[in-house]
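One structure is given here, and the rest of the page talks about it.
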There are 2 protein chains.
Amino acid sequence: MKLTIKDIQQAHKRIAPHIHCTPILQSQLLNKMMGCELFFKAENFQKIGAFKARGACNAVFSMDDASLHKGVVTHSSGNHGAALAWAASLRGADCTVVMPENAPAVKKAAVAGYGATIQLCEPTMVAREAAITTLVEQYGYTLVHPFDADQIMAGQGTAAVELLQQIESEVDIVMAPVGGGGLIGGTGIAVKALSNAQVIGAEPEQAKDAWLGFTTGQRLAEYSPNTIADGLRATVGVRPFAAITNTVDDILLCSEERIVEAMRLIWTRLKVIIEPSCAVPLAAIMDQPEQFRGKRVAIILTGGNVDLDALPW
Amino acid sequence: MKLTIKDIQQAHKRIAPHIHCTPILQSQLLNKMMGCELFFKAENFQKIGAFKARGACNAVFSMDDASLHKGVVTHSSGNHGAALAWAASLRGADCTVVMPENAPAVKKAAVAGYGATIQLCEPTMVAREAAITTLVEQYGYTLVHPFDADQIMAGQGTAAVELLQQIESEVDIVMAPVGGGGLIGGTGIAVKALSNAQVIGAEPEQAKDAWLGFTTGQRLAEYSPNTIADGLRATVGVRPFAAITNTVDDILLCSEERIVEAMRLIWTRLKVIIEPSCAVPLAAIMDQPEQFRGKRVAIILTGGNVDLDALPW
């Protein structure tokens, strides 16, 4: 299956009864500071506090009853685990989330709060995948991957479908941060099909595997990120990389300092709580303001699940 | 002049082109935790980051050109100074804000950012008022009081007019925090005229001058508050006290610990930045949950101008 706008539109119909159509936020002062008109799609107000609710909901509501009632499983130290737990609970299905032992207590509590079972493992990718394989073989669970899956990408692409409807006249650029690539992949497909806007990904300089892949045409299978933007520490998946190659116009980088500065600016000016990952597109604009000057730029604010006891300032 | 709903409705027409109709926020999880249905009117998204924009805008746009162009003046260590500076700038009028020397740099920057002149004074009420008197006499400035003025109360009351329109079916209770009383006074008049809802004010136990006045029928002219809710350190004014006496059903108190807990809960669950003052109504609900059980309760979130370097946790 090659993902198309039809899949994303179907996904949108499928999940619309369960998700929030999140608002678009604006700040005249931010616009002035940045020299462009910014539209922030506030997915921090989404169910479970992040856009990940969209993909997980689409995946769960695409499954047939027989598979679903055997249960679903994923591995996640972040928002996707909570999203799958939430989506599974809507259909009364069992959900197991494999989490590293050292995951923050607050993330474990979120997953448990939606009624999922947590299985702890050593904090390595090998241990995570081994645990998943065992669970799939033993219980017939269906793996719902955090990003490298068509139904997930289709779900994440629905945020862009909404924002293009919500913003009255055409935007010039749509931006999203790049982690595993599910969001930017879905966004690219949606935006290119529905508008003439450019699609620009943003990535921390210290987690630039997508940028390296985009620049060389060769996806990196392994990469060690080291960024404060904890939602972007994944390496871009195979399917997202194909979508990026086909639909994304550019990937821009930014420094860690800029991410913190941009995060604080959004907190202060938009008065919303966002994760460091969400600040990456604005940080990229701050580092490369010329190409945005005078443009109408939509940015997807991906999530708001932040540890208030460990703020970066 | 005795303030009526007509004044508030006229104020709403007058200021609507300049202010935001701020959204209503909800959280199913918060509703579950509190045992009631909560509707948060997000005035932290208002111009200058607080509802104070409403009153100041109404006052400035109610003035005739001759008076206005002599200039306006107020004293404020908080949001009203920024609000008046902003409103004056919309009509091209001069604005002077008398601020205590020890006001936070960020507050001074906000006032200066809207083009107002700052006049520093010693950090006492006496010094503030002396400075104002001199400026009024010397330059013919018009004093725009932060809360003890009909046009200010009328402006603040417009938030309640909006929220009653925005929430589809009737609410049972409308709540606002009580500082100088401009907001709760305007809210009381609006809500009683337009609905059958109860109006409940909320005040920190450690700044309970309104509660004492409400309980004894006698306004306190002097009181020394000591609360983290910096927006509520004023003593209720004469006109607001009359409005409270006529329209408010009850004033509830809450502890400082609850204010911090409620503030954090709103940050975490609603994903919005609010000042400690905004958390006071939710804190009062947490301290006295019985009388809210099963009710539909609207709360005005008053502002989001917080010093991110001095959070209370």
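Readers should treat all values here as calculations from the given coordinates under stated rules, not as data from a laboratory. None of the values given here were measured: they were computed from a predicted structure. Cβ: placed from backbone, ideal geometry, glycine included. Neighbour counts: every protein chain shown.
Search the structure for amide H atoms under 5 Å from the amide H of residue A:72, placed 1.01 Å from N in the peptide plane, and list their residues when 5 or more places away or on another chain.
It is A:94, A:95, A:96, A:142, by chain and number.
Does the range B:191-313 come out rounded, prolate or oblate, given a ≥ b ≥ c as the square roots of the eigenvalues of its C-alpha gyration tensor, rounded meaning a/c under 1.5 and, failing that, prolate meaning a/b above b/c?
Values: a/c = 1.83, a/b = 1.24, b/c = 1.47.
Oblate is the answer for the range B:191-313, as a/c is 1.5 or above yet b/c matches or exceeds a/b.
Please tell me which of these pairs span more than 18 angstrom C-alpha to C-alpha: A:107/B:271; A:6/A:41; B:32/B:295; A:108/A:271? If you can, show how the numbers build up before the last one.
Numbers: A:107/B:271 16 Å; A:6/A:41 22 Å; B:32/B:295 12 Å; A:108/A:271 27 Å.
In this structure, A:6/A:41; A:108/A:271 lie more than 18 Å apart at Cα.
With chain B treated as a Gaussian network of Cα nodes joined by springs under 10 Å, which of B:47, B:32, B:107 yields the largest mean-square fluctuation?
B:32
Put a dot 7 Å past each Cα toward the Cβ at residue B:102 and residue A:28; how far apart are the dots in nm?
A separation of 3.5 nm, rounded to one decimal place.
Within 10 Å of each Cβ in B:271-278, how many Cβ atoms from other chains are there, averaged over the peptide? Mind showing how you got there, number by number?
On the way: counts 16, 9, 8, 1, 1, 0, 0, 0.
Neighbouring Cβ atoms belonging to other protein chains average 4 per residue here.
If we hang a label 7 Å off Cα along the beta carbon direction at residue A:70, how far is it from the matching labels on the other copies, in nm, shortest first?
8.4
With chain B treated as a Gaussian network of Cα nodes joined by springs under 10 Å, which of B:86, B:211, B:267 yields the largest mean-square fluctuation?
Highest fluctuation of the listed residues: B:267.
Would you mind ranking B:67, B:62 so that the residue whose beta carbon has the fewest other beta carbons within 10 Å leads the list?
On the way: B:67 13, B:62 18.
The most exposed by this proxy come first: B:67, B:62.
From the Cα gyration tensor of the range A:53-143, with a ≥ b ≥ c the square roots of its eigenvalues, which class applies: rounded if a/c is under 1.5, or else prolate if a/b is larger than b/c, or else oblate? Mind showing how you got there, number by number?
Details: a/c = 2.02, a/b = 1.27, b/c = 1.60.
Verdict is oblate for the range A:53-143.
Within 10 Å, count the other beta carbons around each residue, average over each peptide in B:51-57, A:200-206, and list them highest first. Spell out each step's value before the answer.
Working: B:51-57: 31.3, A:200-206: 25.6.
Highest mean packing first, the order is B:51-57, A:200-206.
Which lysines, if any, have their Cα less than 20 Å from the Cα of residue B:2, not counting same-chain residues under 8 positions apart?
Qualifying lysines at Cα under 20 Å: B:13, B:192.
If we count every other residue with Cβ under 12 angstrom of residue B:118's Cβ, Lys/Arg +1 and Asp/Glu -1, where does the sum land? Spell out each step's value before the answer.
Numbers: positive: B:107, B:108; negative: B:101.
That works out to +1.
Explain nothing, just compute: Karplus ³J(HN,Hα) = 6.51 cos²θ - 1.76 cosθ + 1.60, θ = phi - 60°, for every residue of the range A:49-58 in order, whole Hz, x for Gly and Pro.
Working through the residues one at a time gives x, 6, 4, 4, 4, 5, x, 5, 5, 5 Hz.
Around residue A:200, with a cut-off of 12 angstrom between Cβ atoms, what is the net charge of the other residues, counting Lys and Arg +1 and Asp and Glu -1? Let's see the in-between values first.
Values: positive: A:295; negative: A:172, A:203, A:249, A:250.
Net local charge, residue A:200 excluded: -3.
Have a look at A:82, A:224, A:20 and report the one farthest towards the positive end of the charge dipole of the protein assembly as shown, computed about the Cα centre with Cβ charges (Lys/Arg +1, Asp/Glu -1).
A:20
Using the crude model of +1 on Lys and Arg Cβ and -1 on Asp and Glu Cβ, and no other charge, please compute the dipole size for chain A relative to its Cα centre, in debye to 20.
Details: 26 positive and 31 negative charges, 143 e Å.
Taking the Cα centre of chain A as origin, the dipole is about 680 debye.
Is there a quick way to get the dipole size of the range A:53-143? I mean about its Cα centre, with the Cβ of Lys and Arg at +1 and of Asp and Glu at -1; what is the value in debye to the nearest 20? Before the final figure, lay out each step's value.
Numbers: 6 positive and 7 negative charges, 59 e Å.
Around 280 debye, computed over the range A:53-143.
Pick from B:281, B:177, B:23: which is most flexible by mean-square fluctuation in a GNM of chain B where alpha carbon atoms under 10 Å apart are linked?
It is B:23.
Can you compute the helix-only [θ] at 222 nm over chain B? Use -39500 (n - 2.57) per DSSP H run of at least 4 residues, normalise by all residues, nearest 500 deg cm²/dmol. List each step's numbers first, then the result.
Details: 13 runs with 142 residues, N = 313.
Counting only the DSSP helices, I get -13500 deg cm²/dmol.
Go through the range A:103-109 residue by residue and turn each phi into a ³J(HN,Hα) via Karplus (6.51, -1.76, 1.60, θ = phi - 60°); whole Hz please, and just put x for glycine and proline.
4, x, 3, 5, 6, 4, 5
Residue B:224 label points, 7 Å along Cα→Cβ, one per copy: pairwise distances from this copy to the rest in nm, shortest first?
5.9
Quick one: net charge around residue B:313, please, counting Lys, Arg +1 and Asp, Glu -1 for every other residue with C-beta under 12 Å from its C-beta. Write down the numbers at each step before the final one.
Numbers: positive: B:264; negative: A:307, A:309, B:257, B:261.
Overall, the nearby charge balance is -3.
Specify the inter-centroid distance of the range A:231-288 and the range A:41-85, based on alpha-carbon positions, in whole Å.
The two parts, judged by their Cα centres, are 22 Å apart.
With contacts defined as alpha carbon pairs under 8 Å and 6 or more residues apart, what's the relative contact order of chain A in percent? Can you show the working numbers first?
Values: 689 pairs, mean separation 67.7, N = 313.
Once divided by the residue count of chain A, the mean separation gives 22 percent.
Placing the label point 7 Å from Cα along the Cα-to-Cβ direction, what are the distances from residue B:138 to the equivalent spots in the other copies, shortest first, in nm to one decimal?
Output for residue B:138: 8.0 nm, nearest copy listed first.
List the trypsin sites (Lys or Arg not before Pro) within the range B:218-313 that fall in a DSSP loop (any state other than H, G, I, E or B) and whose Cβ has at most 12 other Cβ atoms within 10 Å.
Sites meeting the loop and neighbour criteria: B:293.
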